[in-house]
Amino acid sequence: MPAPRLIARLDIKGPNVIKGIHLEGLRIVGQPGPMARRYYDDGVDEIIYMDTVASLYGRNNILPVVEDAARDIFVPLTVGGGIRSIDDIVAALRAGADKVAINTAAIARPDFLREAAQTFGSQCIVLSVEAKRRGEDRWEALTDNGRERTGVDVLNWVAEAERLGAGEILVTSVDAEGTRRGFDHDLFRAVRASVRVPVIGSGGAGEAADVVAAVVDDDLDAVACASLFHYEQCPPQTLKAHMAEAGIPVRPEAAA
């Protein structure tokens, strides 16, 4: 088994890192700079910055945060929220991002994924999916940080996105997000079975065992955690120790 990536996810609104439940009831949990540095120092493999209001307000204010992080954090950085054009991707990469996560704009115009992948390479393009369960083995893709319904079937959508050139899938369970009651493993397994590109699971981790199960049982390539780290329930190095005890190879800590 290749070493899965352990990712810290920072959902950002204005100058703050926020956290909610089911992408609602958002509360401030800290500042992005100090939190990202702490997670980097504690051994995360990557960091995702997600601007939670960029699509709603039609602007992206997250790039100064990325520029600040890129100066002294040397793990891959992914930026999501408000990525609507090739110019937006250029701006994110110039700010120090390694990858961009696209949700709303891709559903509005799927060919944007193809154009982005052809311009920057598939390895740079992450499809972000906010999945809401609508029945047995069926999930709907939401947009605008879970605020808008689309009628788009998640499993069909991830397969199409892979065909269009997305190099990675970030799937967030809206039903489990922020609950700390465990992942939607049915969702993760269904997405994993629908695509060949790497899959990142997010939404619901409450303890190390949840992450271990997602890697071992759901065959995920990476897990993105927020509450687990923000509330110091299981810091990255502690989580990696649990993963190693379960026989999962872990990546070495990045050089400071």
Practice item. Starting from segment 31-42, take each residue that is farther than 14 Å from LYS240 by Cβ and in contact (Cβ under 8 Å) with a residue 24 or more places away in the chain and list its partners that are of a type in the set (Ser, Thr, Tyr) and surrounded by 15 or more Cβ atoms within 10 Å (Cβ to Cβ), counting only C-beta distances under 9 angstrom and pairs at least six apart or across chains. Key: PRO32/TYR49; ALA36/TYR49
Review point. In segment 85-92, is there at least one residue being farther than 17 Å from ASP11 by Cβ, of a type in the set (Ser, Thr, Tyr) and touching a residue at least 12 places away in the same chain (Cβ under 8 Å)?
Key: yes
Exercise for review: Mind telling me which of the residues SER128, SER85 ends up being over 16 Å from the mean Cα position of the chain (by Cα) and among the polar types (S, T, N, Q)?
Suggested key: SER85
**Study point:** Residue selected from segment 215-249 under the condition among the hydroxyl-bearing types (Ser, Thr, Tyr) and surrounded by 14 or more Cβ atoms within 10 Å (Cβ to Cβ), by the criterion modelled with the lowest pLDDT
**Key:** SER227
Exercise for review: Might you let me know whether segment 202-212 holds any residue that is in contact (Cβ under 8 Å) with a residue 60 or more places away in the chain, crowded, with 24+ Cβ neighbours inside 10 Å, of a type in the set (S, T, N, Q) and within 24 Å of ASP137 (Cβ to Cβ)?
Suggested key: yes
Exercise for review: Report, by residue number, each residue of segment 80-96 that is within 12 Å of ALA106 (Cα to Cα) and among the charged types (D, E, K, R).
Suggested key: ARG84
Check your understanding: Name the pairs whose Cβ atoms lie under 8 Å apart, with the first residue in segment 128-148 and on the phi < 0 side of the Ramachandran plot, the second hydroxyl-bearing (Ser, Thr, Tyr) and surrounded by fewer than 20 Cβ atoms within 10 Å (Cβ to Cβ), and 6 or more positions between them or separate chains?
Key -> GLU140/THR150; ALA141/THR150; LEU142/THR150; THR143/THR150
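The values are calculated or read from the model by the stated rules, or taken from the named source; none is laboratory data. Here the structure is a predicted model, which means the values were calculated and not measured. All Cβ positions, even for glycine, are placed from backbone atoms using ideal geometry, and neighbour counts span all protein chains on display.
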